[in-house]
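Novice: One structure follows; several queries about it will come next.
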Amino acid sequence: MATKLPTRLFVTGTDTGVGKSYVGALLTVGLEASYWKPVQSGADADADWVRRVTGLPAERVLPETYRLRAPLSPHEAARR
C-alpha cells in the first residue's frame, strides 16, 4: 500500500497587503494544519500575527526559515 503524503498548499500574491497571510491563516484553521512562511522580509513577522489572530499554539505556527530586514520583495531584500 502506498503511503499518502500530507496535502501541501502554496498561497501566493503579487503585492504587499493583498491578503496572503489572512488566507493562509484561514486555511490553517479550517484544515487543522500548520502555518509556515518560508521567507519573511521586513520587520513584522507574519507568524506572530497568525498566532495572535487565530489563537493557534506555537507548534502549529512554524518560524520563518529566512528573515530579511529590508521591507522589500524577498529577492530584493536578499540582495542587500
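Novice: For segment 1-37, how many residues meet the condition of being surrounded by 10 or more Cβ atoms within 10 Å (Cβ to Cβ), of a type outside the set (A, V, I, L, M, F, W, C) and assigned to a loop (DSSP other than H, G, I, E, B)?
Specialist: Matching residues across segment 1-37 total 5.
Novice: On the basis of being in contact with a strand residue (DSSP E or B) (Cβ under 8 Å, 6 or more places away or on another chain), closer than 20 Å to Ser73 by Cα and of a type in the set (D, E, K, R), does Asp15 make the cut?
Specialist: no
Novice: When Leu56 is evaluated against the numbered criteria (1) exposed (fewer than 12 other Cβ atoms within 10 Å of the Cβ); (2) modelled with pLDDT of 90 or more; (3) assigned to a loop (DSSP other than H, G, I, E, B), which criterion, by number, is the only one it fails?
Specialist: Unmet for Leu56, out of (1) exposed (fewer than 12 other Cβ atoms within 10 Å of the Cβ); (2) modelled with pLDDT of 90 or more; (3) assigned to a loop (DSSP other than H, G, I, E, B): (1).
This table checks each residue for (1) on the phi > 0 side of the Ramachandran plot; (2) of a type in the set (A, V, I, L, M, F, W, C).
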site: Leu26; (1), (2): no, yes
site: Val29; (1), (2): no, yes
site: Glu32; (1), (2): yes, no
site: Val39; (1), (2): no, yes
site: Val61; (1), (2): no, yes
site: Leu68; (1), (2): no, yes
site: His75; (1), (2): no, no
site: Ala78; (1), (2): no, yes
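Novice: Which is touching a strand residue (DSSP E or B) at 6+ places or on another chain (Cβ under 6 Å), of a type in the set (D, E, K, R) and part of a strand (DSSP E or B), of Arg51, Arg67?
Specialist: Arg67
Novice: State which residue pairs qualify: first residue in contact (Cβ under 8 Å) with a residue 24 or more places away in the chain and more than 23 Å from Ala77 (Cβ to Cβ) and inside segment 40-64, second residue among the aromatic types (Phe, Trp, Tyr) and surrounded by 15 or more Cβ atoms within 10 Å (Cβ to Cβ) in any location, beta carbons under 9 Å apart, and separation of 6 or more residues or different chains.
Specialist: Every condition considered, the pairs that remain are Val53/Tyr22; Thr54/Tyr35; Leu56/Tyr35; Arg60/Tyr35.
The values are calculated or read from the model by the stated rules, or taken from the named source; none is laboratory data. Just so you know, these numbers come straight off a predicted model, no measurement behind them. Don't worry about glycine lacking a Cβ; one is built from the backbone with ideal geometry, like all the others, and counts go over all protein chains shown.
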